[in-house]
Amino acid sequence: MKFMLRIKGEVGVDRDIEETMCRLKLKKKFVGVILNKETNVQMGMVQKIRNCVAYGEVSDELLEKIIASRGRALDTSKKMAEPKKVVEGLKQGKSLEDFNVKPFFRMHPPRGGFRGPASTKTHYPKGTLGDHGKELNKLVERML
């Protein structure tokens, strides 16, 4: 599964890019979402906003940590499902709303900061933006 983090803020972003981010539930800086159904439409949106986000593959263990520490209940009168059950359901094609979990995760800024002098303005491997592949796990681990 892919995990996507918004790195750039809200000021000075083009209207069409901002609308695309809102459709993907990336409304504020340091918000992450899970893309479990990678359709052509979603991947087209990812390509459109790749200069403002970091994305890549996330491991199941880290996904459980994200849901356990940063997941919030959609309906506060009901309890959230266990993180293992949520990850198994996501693999089967269900959505986070089926397990009473909000579809986005508010993350911390990375502990230790971003790497390099202009790292939030350049693409991976020199910076933070763009497709990280499996290396996204290191960044997300620092943001928990």
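The values are calculated or read from the model by the stated rules, or taken from the named source; none is laboratory data. Worth saying up front: this structure is predicted, and the values here are computed from it rather than measured. FYI the Cβ positions are ideal-geometry reconstructions off the backbone, even for glycines, and counts take in every protein chain you see.
A few points about this structure:
- Unique match (being buried (at least 17 other Cβ atoms within 10 Å of the Cβ) and small (Gly, Ala, Ser)) among 56, 133: 56
- Residue list for the range 1-12, filter: over 20 Å from residue 122 (Cβ atoms) and surrounded by 14 or more Cβ atoms within 10 Å (Cβ to Cβ): 1, 2, 3
- Qualifying positions in the range 56-72 - under 21 Å from residue 42 (Cβ atoms), in contact with a strand residue (DSSP E or B) (Cβ under 7 Å, 6 or more places away or on another chain) and among the charged types (D, E, K, R): 57
- Every listed requirement among (1) of a type outside the set (Val, Ile, Thr); (2) at pLDDT 90 or above; (3) surrounded by 13 or more Cβ atoms within 10 Å (Cβ to Cβ) is met by residue 15 save one, (3).
- Residue satisfying condition, being touching a Lys or Arg at 6+ places or on another chain (Cβ under 7 Å) and more than 16 Å from residue 32 (Cβ to Cβ), within set 130, 112, 89: 112
- Any hit, the range 82-97, residues being crowded, with 18+ Cβ neighbours inside 10 Å and in a loop (DSSP other than H, G, I, E, B): no
- With respect to (1) under 15 Å from the mean Cα position of the chain (by Cα); (2) part of a loop (DSSP other than H, G, I, E, B), the lone exception for residue 79 is condition (1).
- Comparison of 29, 25, 126 shows that the only residue that is more than 20 Å from residue 144 (Cα to Cα) and not in a helix (DSSP H, G or I) is 126.
- Every test in (1) modelled with pLDDT of 90 or more; (2) assigned to a loop (DSSP other than H, G, I, E, B); (3) closer than 14 Å to residue 1 by Cβ is passed by residue 63 save one, and that test is (2).
- Here residue 84 passes the criteria (1) out of contact with any Asp or Glu (no Cβ under 7 Å at 6 or more places or on another chain); (2) modelled with pLDDT of 90 or more except the one numbered (1).
- Unique residue being of a type in the set (Lys, Arg), loosely packed, with under 13 Cβ neighbours inside 10 Å and either at pLDDT below 90 or under 21 Å from residue 29 (Cα atoms) (or both) when the list is 142, 111: 111
- Residue satisfying all of: in the range 66-76; of a type outside the set (S, T, N, Q) and outside any helix (DSSP H, G or I); farthest from residue 28 (Cα to Cα) among these: 75
- Annotation note: of 142, 111, the sole residue that is on the phi < 0 side of the Ramachandran plot, out of contact with any Ser or Thr (no Cβ under 8 Å at 6 or more places or on another chain), assigned to a helix (DSSP H, G or I) and not hydrophobic (A, V, I, L, M, F, W, C) is 142.
- Residue 41 vs. criteria in a loop (DSSP other than H, G, I, E, B), surrounded by fewer than 18 Cβ atoms within 10 Å (Cβ to Cβ) and free of Cβ contacts under 8 Å to residues at least 12 places away in the same chain: no
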